[in-house]
Amino acid sequence: MSSVAVEIVAPAEAPTMTRALLDACSSSVRVGSCELATRTTSEPRLASATVRWSDASERSVRIDVTAGARDASAVRLRVLAFKDTDAIVERWRAVGLTIATLVGDALANAPSGPAPVDASTGTENANAVAAPQNPGAVQATEAKPSPKAAAAPEQQQKEAVSRTPVDRSRTLEPSTARHEATPSGATPLPRMLWATVAGQTGPGLESDSFRFGASVDAAFRPAAFPVFGRVAFGYSSRGTDSRGLSVQWENAVAGAGVVVGSGALRLEPRAGIGLENVHAHETDPATKHSASGNSLGPSFQLGLDGVFQLGHFGFVLTLEGTQKHAPTQILVEGRDFGTSAATTWGVGAGVRYYVK
């Protein structure tokens, strides 16, 4: 089976990355497979490729491909530039795919016949024509190599490459390198699972002081989709006032949201339905007599989270609006102690941990 011989000039070969390059090249090349030039056993060679990384950062790479071992006219050159956010293994896979593409282009333009013979180089065919016809005669003239034949192999290679026009129109810019370099079967974005803990505050009773509390939520986003499912639990309290009244709010919400943006800064609008319980407790300061009660009912919630992510951790700012089925009026022995409004809002700030 014919092969494409790949030579990696710099940096030194990394077994894992080299394997990724060769696998990507072999899966896309039209005929044969791709192997390291130092280990190539398949003959004949379909083409030769040289990979030159700019430096250890692997931000850019030059790829030279020649169809066949002798056809310098079929040289193809490509330069790829990558962004810092591009994964290293994807860069090497992109190089493998590019080699396969260049091999196809080079073979499509390579001559199908045998390589031409230049008589000025003193080849075997030229010598045969110049041989004496008399077997008994002695050839006294010493053949002198032409300047082209005496040129160093390295110089010949440079001249061959310089005669080949470079297709600059196909050189990738940094902003498009990832789009063209990533194979269509690349692994999609990983699934995301996260948990958030936040402190919250909002209005307590109508025409009264604020309540303070905390919430915790967990969310899951399927692979390659910007939507996520979410469950959350919250608790807040309004401290005991001069009348001996304290109020607590507990809620549980299940819903879904959407991720807007793909960088470190994102917005996450969401909606959910749940249950909210309002618990009131009153202790008469004079008689020490106490009474308590609960009001449980459905609620609808809209929220917006602003997220700043740093690796596995993130910071979150939240804004929420809640609509309950009805306001909750607090009555103790016929006395009106206040009302928990049906429509309320809250703000919060917290931290988030991304499990994966």
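The values are calculated or read from the model by the stated rules, or taken from the named source; none is laboratory data. Note that the structure is predicted; figures quoted are calculated from it, not measured. Neighbour counts are summed over all protein chains in view; Cβ atoms, including those assigned to glycine, are modelled from backbone coordinates with ideal geometry. Accessible surface areas use protein heavy atoms only, side chains included; no ligands, DNA or RNA. Shrake-Rupley method; radii C 1.70, N 1.55, O 1.52, S 1.80 Å.
Counting just the residues of the range 294-318 that are among the aliphatic types (A, V, I, L, M) and loosely packed, with under 14 Cβ neighbours inside 10 Å, which one comes out nearest to residue 203 (Cα to Cα)? The extreme case among them is 296. Which of (1) in a strand (DSSP E or B); (2) surrounded by fewer than 19 Cβ atoms within 10 Å (Cβ to Cβ) is the odd one out, the single condition residue 288 does not satisfy? Answer for residue 288: the failing condition is (1).
Taken as a whole, the range 64-80 holds at least one residue that is among the hydrophobic types (A, V, I, L, M, F, W, C), open to solvent by 80 Å² or more (accessible area, probe 1.4 Å) and at pLDDT below 80. Within the range 24-52, the set of residues being open to solvent by 80 Å² or more (accessible area, probe 1.4 Å) and either part of a helix (DSSP H, G or I) or at pLDDT 85 or above (or both) comprises 27, 38, 39, 52. Of 268, 276, all but one fail to be touching a Lys or Arg at 6+ places or on another chain (Cβ under 7 Å) and surrounded by 14 or more Cβ atoms within 10 Å (Cβ to Cβ); the exception is 276.
Restricting to the range 222-248, name every residue that is in a strand (DSSP E or B) and either at pLDDT 95 or above or surrounded by fewer than 18 Cβ atoms within 10 Å (Cβ to Cβ) (or both). Reasoning before the result, please.
Going through the range 222-248, the residues in a strand (DSSP E or B) turn out to be 227-238, 245-248.
Hits for the range 222-248 are 227, 229, 230, 231, 232, 233, 234, 235, 236, 237, 246, 248.
In the set (1) open to solvent by 50 Å² or more (accessible area, probe 1.4 Å); (2) under 24 Å from the mean Cα position of the chain (by Cα), the condition left unmet by residue 263 is number (1).
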